[in-house]
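The values are calculated or read from the model by the stated rules, or taken from the named source; none is laboratory data. Bear in mind the structure is a predicted one, so any value in this text is a computation, not a measurement. We place every Cβ from the backbone using ideal geometry, glycine too, and count neighbours over all the protein chains shown.
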Amino acid sequence: MEVCQTIAEIRKYVGRARERGIVGLVPTMGFFHDGHLTLMREAAKVCPTVVVSIFVNPLQFGPTEDFRDYPRQPERDLALAREAGVHAVFMPDTAEMYPLPPALFVQVECMDEVLCGRSRPSHFRGVATVVAKLFNVVAPDMAFFGQKDAQQLQIIRRMVRDLNFNLELRAVPTVRDSDGLALSSRNVYLDEKQRVAATVLFRSLDRAQEAIRSGERNREAVEKLMTGMISAESVAQLDYASVLSLPDLDPIEHLEGSVLLAVAARFGRARLIDNVIVKIGSDLKS
């Protein structure tokens, strides 16, 4: 496995790797858990060359957020990536990615104003900007993202479409612990009590799905159900419990087609998110 720290190095590597076929990219901020490793393994199934980026992107953190404290274990990450079959890791520092203060940003309007965008107003501008840079630097044929970050996934999909990036985007289902909690690098912040309480996120989503399967089609009723469950958990500080249309993340009163059920809450230092997709009129969900 090759480790590249500069743009020139990763471009040179990818240029050689194209002789083997398509190149897949898994963008990450490191501190790998099994969700990240699942993305890598899925990429390895279809891509002769898998590149993983590890970059804690300052543009997507607000001034009071955990950029400096975000967990980092680069040596452990490299070992795990190697075991997962990754061929190259791109590990730039901030000066390599942003040699000058950025003067241009990528922003997907409207879609970044709901869910996490309400409490993190510059977050998705930072995400879209760094992902666009990674797409330009690595020039992958395919890129892999987790469904857990549903809003991010839809925003990147729209960016790829609107800016005509020549790549295929693959979504990989959320990886969960045995009790349903979605895996997240920020789970490390949870103490024992908070860890147990955090399962209310998936439980609320599961209950909402049951209500929809039983015939509930009113958005407000479904949101009230999720809000009530999360708010009843004393350790949780609810951020949102929302139902939106897919793929555009628009408000929807009467549920039909594919809808996104999404929740977010704080448990001590950890702000956690989760979601499920429900296809109305079908037993399918993801």
- [ ] Give region 7-19 a look and list any residue that's in contact with a strand residue (DSSP E or B) (Cβ under 9 Å, 6 or more places away or on another chain), over 19 Å from Ala84 (Cβ atoms) and not charged (D, E, K, R), or say none.
- [x] Ile7
TODO: Would you point out the residue of region 103-145, among those that are of a type in the set (D, E, K, R) and in a helix (DSSP H, G or I), that is nearest to Leu163 (Cα to Cα)?
DONE: Lys133
Task: Filter result for Leu284 (outside the structural domain of Glu192 (by TED's automatic domain parsing), within 20 Å of Gln147 (Cα to Cα) and either crowded, with 18+ Cβ neighbours inside 10 Å or modelled with pLDDT under 95 (or both)) - done: yes
Task: Conditions (1) surrounded by fewer than 16 Cβ atoms within 10 Å (Cβ to Cβ); (2) closer than 26 Å to Ala270 by Cα; (3) hydrophobic (A, V, I, L, M, F, W, C): number failed by Leu104 - done: (2)
Open item on the list: Taking the condition of being assigned to a helix (DSSP H, G or I) and either in contact (Cβ under 8 Å) with a residue 24 or more places away in the chain or under 19 Å from the mean Cα position of the chain (by Cα) (or both), how many residues in region 36-51 meet it?
Closed with: 10
Open item on the list: Suppose we keep only residues that are in contact (Cβ under 8 Å) with a residue 40 or more places away in the chain and either assigned by TED's automatic domain parsing to the domain that holds Asp149 or surrounded by fewer than 19 Cβ atoms within 10 Å (Cβ to Cβ) (or both) within region 219-249. Which one would you say is nearest to Lys279 (Cα to Cα)?
Closed with: Leu246
Task: Subset of region 52-66 [crowded, with 19+ Cβ neighbours inside 10 Å, assigned to a loop (DSSP other than H, G, I, E, B) and over 15 Å from the mean Cα position of the chain (by Cα)] - done: none
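Is it true that some residue in region 125-135 is free of Cβ contacts under 8 Å to residues at least 12 places away in the same chain and either surrounded by fewer than 21 Cβ atoms within 10 Å (Cβ to Cβ) or assigned by TED's automatic domain parsing to the domain that holds Tyr240 (or both)?
no
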Task: Any pair with Cβ under 6 angstrom, 6 or more apart, that starts in region 163-179 at a residue that is in a strand (DSSP E or B) and ends at one that is surrounded by 13 or more Cβ atoms within 10 Å (Cβ to Cβ) and of a type in the set (Gly, Ala, Ser) - done: Leu169/Ala143; Val172/Gly146; Arg176/Ala182
Task: Qualifying residue in region 13-26 (condition: assigned to a loop (DSSP other than H, G, I, E, B) and within 19 Å of the chain's Cα centre (by Cα)) - done: no
TODO: Show the residue pairs that are 6+ apart or on different chains and have beta-carbon atoms under 7 Å apart, the first residue being within region 80-104 and farther than 23 Å from Thr49 by Cβ, the second being polar (S, T, N, Q).
DONE: Pro102/Thr129
